[in-house]
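Scroll down for the structure; my scribbles are underneath it.
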Amino acid sequence: MAKTSSTERTVRTRVYRAGRLEAQDFPVEQVSDYLEESETTVWVDLCAPDRADLSVVADELGLHTLAVDDAVSSRQRPKLDRYESHDFLNVYAVRLDRGTGQLGLSELSAFITPRALVTVRKDTSFDMDAVVAKWDAGSDLSRYGVAFLLYGLLDEVVDGHFAAVEELDEEIEGLEDLLFDDRPRDKDVQRRSFALRKSLVTVRRVVLPMREVLNTLLRRDLKIVPAEMVPYFQDVYDHALRATEWTESLRDLVSTIVETNLTLQGNRLNVITKKVTSWAAIIAVPTAITGWYGQNLPYPGFAARSGLVTSSVLIVVISIGLYATFKKMDWL
């Protein structure tokens, strides 16, 4: 594997001739030489490149300056831009940290020419080896050149979107179990709900534009995808559409969980209020009776044993009566 000036920067290359892998890991400077030969398709992968690294490829393939600027800069939106001699693609791979519920993004750019595909990764978090494995497993389609390489790349990206949404769904199911736990765990539910909602917003921001990107690629007038590869790209589009719809439904589900949690908190507060009120009513009975019999004025039973017996009986009978009444009403 060829290396650039930094240990974090790597360059990978491949060339296919008539649908067969002919060479790999050759210097970028040889790209134009291979493209001058017939029936060749070249792939170049740059990881964490700077402008100097990209300028070599740009000179070899005649890439537009604006597209090179977009590939170097970060936080571009998912898109497909058209230029005179090539197309520029920008997408995001996603991964979920199941420990925190937070989502990580890997920005990935690609220059698409009639006979060359150049992929640019901002970091090593996107597994390009998985894409290469897909290419090797589907080598029977390699005769379709750049469209075949682009299909393997987008299929891996969209599969990652789908896997992340599926993991988020599982996390939300766990959140539902936490919501109806016998012991209230409101802080955990609120924290996890907020983290999952942020993740879903992020997923939606990178998944939703994929429909437009794939729709553009499938346009017959652009002639990016040959007719033989259309069903494969259509399959990727269907996965992207399912991931988008699933994301929307999960957003609604998290909102419902948050609302349900607030409702449950209100219900628990009402139960606690009823219990406190009921016990206060029971305690008020002996307080009132002992207060009455604590007067310094003569009354029936004043300074007599009958007064003690009467007050004690009233306290016990009325308190038991109130307790039984509140219990029957499910206030205690």
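The values are calculated or read from the model by the stated rules, or taken from the named source; none is laboratory data. Since the structure is predicted, the reported quantities are computational estimates derived from the model, not experimental observations. Here the Cβ is made from the backbone with ideal geometry for all residues, glycine too, and neighbour counts use every protein chain on show.
Yes/no matrix, rows are residues, columns are (1) touching a strand residue (DSSP E or B) at 6+ places or on another chain (Cβ under 9 Å); (2) surrounded by 20 or more Cβ atoms within 10 Å (Cβ to Cβ); (3) not assigned by TED's automatic domain parsing to the domain that holds residue 115:
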residue	(1), (2), (3)
191	no, no, no
216	yes, no, no
234	no, no, no
243	no, yes, no
Out of 277, 290, which single residue is of a type outside the set (Asp, Glu), under 30 Å from residue 305 (Cα atoms) and surrounded by fewer than 15 Cβ atoms within 10 Å (Cβ to Cβ)? 290
Could you check region 27-51 and list, in sequence order, the residues that are outside any strand (DSSP E or B), in contact (Cβ under 8 Å) with a residue 24 or more places away in the chain and surrounded by 13 or more Cβ atoms within 10 Å (Cβ to Cβ)? 28, 31, 32, 35, 48, 49, 50
Considering each of 221, 159 in turn, give the residue that is free of Cβ contacts under 8 Å to residues at least 24 places away in the same chain and among the acidic types (Asp, Glu). 221
Looking at region 37-49, can you tell me whether even one residue there is over 25 Å from residue 137 (Cα atoms), modelled with pLDDT of 85 or more and over 34 Å from the mean Cα position of the chain (by Cα)? yes
From the list 244, 256, 202, 260, which residue is under 30 Å from residue 164 (Cα atoms), in contact with a helix residue (DSSP H, G or I) (Cβ under 6 Å, 6 or more places away or on another chain) and either β-branched (Val, Ile, Thr) or modelled with pLDDT under 75 (or both)? 244
Report yes if residue 188 is out of contact with any helix residue (DSSP H, G or I) (no Cβ under 8 Å at 6 or more places or on another chain) and not basic (Lys, Arg), otherwise no. no
Out of 110, 133, 58, report the one residue that is assigned to a helix (DSSP H, G or I), surrounded by 13 or more Cβ atoms within 10 Å (Cβ to Cβ) and modelled with pLDDT of 90 or more. 133
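Residues to consider are 77, 95; find the one that is loosely packed, with under 13 Cβ neighbours inside 10 Å, closer than 20 Å to residue 122 by Cα and in contact (Cβ under 8 Å) with a residue 12 or more places away in the chain.
Step by step, each of 77, 95 is checked, and only 77 is loosely packed, with under 13 Cβ neighbours inside 10 Å, closer than 20 Å to residue 122 by Cα and in contact (Cβ under 8 Å) with a residue 12 or more places away in the chain.
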Region 82-107 - residue that is more than 16 Å from the chain's Cα centre (by Cα) and part of a strand (DSSP E or B) and, of those, nearest to residue 198 (Cα to Cα): 90
By residue number, the members of region 22-77 that are within 21 Å of residue 93 (Cβ to Cβ), of a type in the set (Gly, Ala, Ser) and in contact with a helix residue (DSSP H, G or I) (Cβ under 8 Å, 6 or more places away or on another chain) are 71
Tell me, yes or no, whether region 194-203 has at least one residue that is within 13 Å of the chain's Cα centre (by Cα), surrounded by fewer than 18 Cβ atoms within 10 Å (Cβ to Cβ) and among the aromatic types (Phe, Trp, Tyr). yes
Taking the conditions exactly as written (within 28 Å of residue 113 (Cβ to Cβ), surrounded by 14 or more Cβ atoms within 10 Å (Cβ to Cβ), free of Cβ contacts under 8 Å to residues at least 60 places away in the same chain and among the aliphatic types (A, V, I, L, M)), does residue 208 satisfy them or not? yes
Number of positions in region 218-232 that are surrounded by 19 or more Cβ atoms within 10 Å (Cβ to Cβ) and not in a helix (DSSP H, G or I): 2
